[in-house]
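Report on the structure given below.
The values are calculated or read from the model by the stated rules, or taken from the named source; none is laboratory data. Just so it is clear, the structure is predicted and the values come from calculations on it, not from any experiment. Neighbour counts run over all protein chains shown; Cβ positions are idealised from the backbone, glycine included. Just so you know, the surface numbers come from the protein's heavy atoms only, side chains and all, with ligands and any DNA or RNA stripped out. Shrake-Rupley method; radii C 1.70, N 1.55, O 1.52, S 1.80 Å.
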Amino acid sequence: MAMTPYLHFTTFPSLSSPLLFCKPHHPPFSQPPYLSTLQFNRYTFLSVSSRQNQKPFAVNFSSQIVNAESSSSSNTREPMRPPYNVLITGSTKGIGYALAKEFLQTGDNVIICSRSAERVESAVKSLREEFGEQHVWGTKCDVREGLDVKDLVGFAQRNLKYIDIWINNAGSNAYSYKPLAEASDDDLIEVVTTNTLGLMICCREAMKMMLNQPRGGHIFNIDGAGSDGRPTPRFAAYGATKRSVVHLTKSLQAELQMQDVKNVVVHNLSPGMVTTDLLMSGATTKQLVR
């Protein structure tokens, strides 16, 4: 039976060496031909294991996603060759920032964004000091707001003309770990609107943009704890929203297949446990000092 891959970081010192992409496996509901045509030929090493057996196996890859050949005359695809144009949401810190650095190190062009203009300015300044001004751009964007995401697309098109890889990394647990019965309305709204509504808005706008690009594009949705159906006590709302990421990705894959779209591909990306501010916000003092 086909299985969705579960990805683990092999090395992540100070969030500086993240995974990039796993060659997509067919989702459980079907075996769409547009996924089977993908090949990857510039590689970074990481460990991948199936959620079914949890046995890791080695996969080589890198920030280079190669041609997704189209067999449909209705979807003419330009070759996708490096350097790639990459957009990452929630990318001024944590996994998103580490991914931005990795892409820049391989010579790609990157757009970062965050709901905080100050964090965007600071992150862009740091990245430009390390990688130069001609490869990284940043803008404020609250993924919960449709107009903000539309503006993000416009910003990307003005600066890079097109986006090859869109990574939906923005997420929130409201920096709160407590039983659901003790959660505030504001915290629940923050988690659900960011992780679920925000993801849907970003997928919608990314797909609309890429459907109008002759070269198409790849959309990666990052899930998290709860995505495999296991319980997430003390952050139940977060786990529920991350479970929905997997369902949304499968549904979008099915929609694209029904429309015979082969030059836009949606993937699910599972980073596993990574030490970030979001994760450590629920740690005890003893855990923090280890």
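What accessible area per residue, rounded to a whole number of Å², is obtained for region 197-260 using a probe radius of 1.4 Å?
Values: 2710 Å² over 64 residues.
Each residue of region 197-260 exposes 42 Å² on average to a 1.4 Å probe.
Sort region 206-252 into rounded, prolate or oblate with this rule: let a ≥ b ≥ c be the square roots of the eigenvalues of the Cα gyration tensor; rounded if a/c is under 1.5, and if a/c is not under 1.5, prolate when a/b is larger than b/c, oblate otherwise.
prolate
Where does the charge balance sit around Glu205 when Lys and Arg score +1, Asp and Glu -1, over other residues with C-beta under 12 Å from its C-beta?
Details: positive: Lys150, Arg204, Lys208; negative: Glu145, Asp148, Asp151.
Local charge sum for Glu205: 0.
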Sum up the charges of everything whose Cβ sits under 12 Å from the Cβ of Ala123, counting Lys and Arg as +1 and Asp and Glu as -1, but leave Ala123 out.
+2
Under the rule a/c < 1.5 gives rounded, and otherwise a/b versus b/c splits prolate from oblate, where does region 81-167 land using the Cα gyration tensor?
oblate
What accessible area, in Å² to the nearest ten, does a 1.4 Å probe give for Tyr97?
50 Å²
Which order do the peptides 200-208, 145-153 take when ranked by the mean count of other beta-carbon atoms within 10 Å per residue, highest first?
200-208, 145-153
Among the listed pairs Lys93/Lys150; Lys140/Lys161; Lys150/Lys178; Lys140/Lys208, which are separated by more than 28 Å between their Cα atoms?
Lys150/Lys178
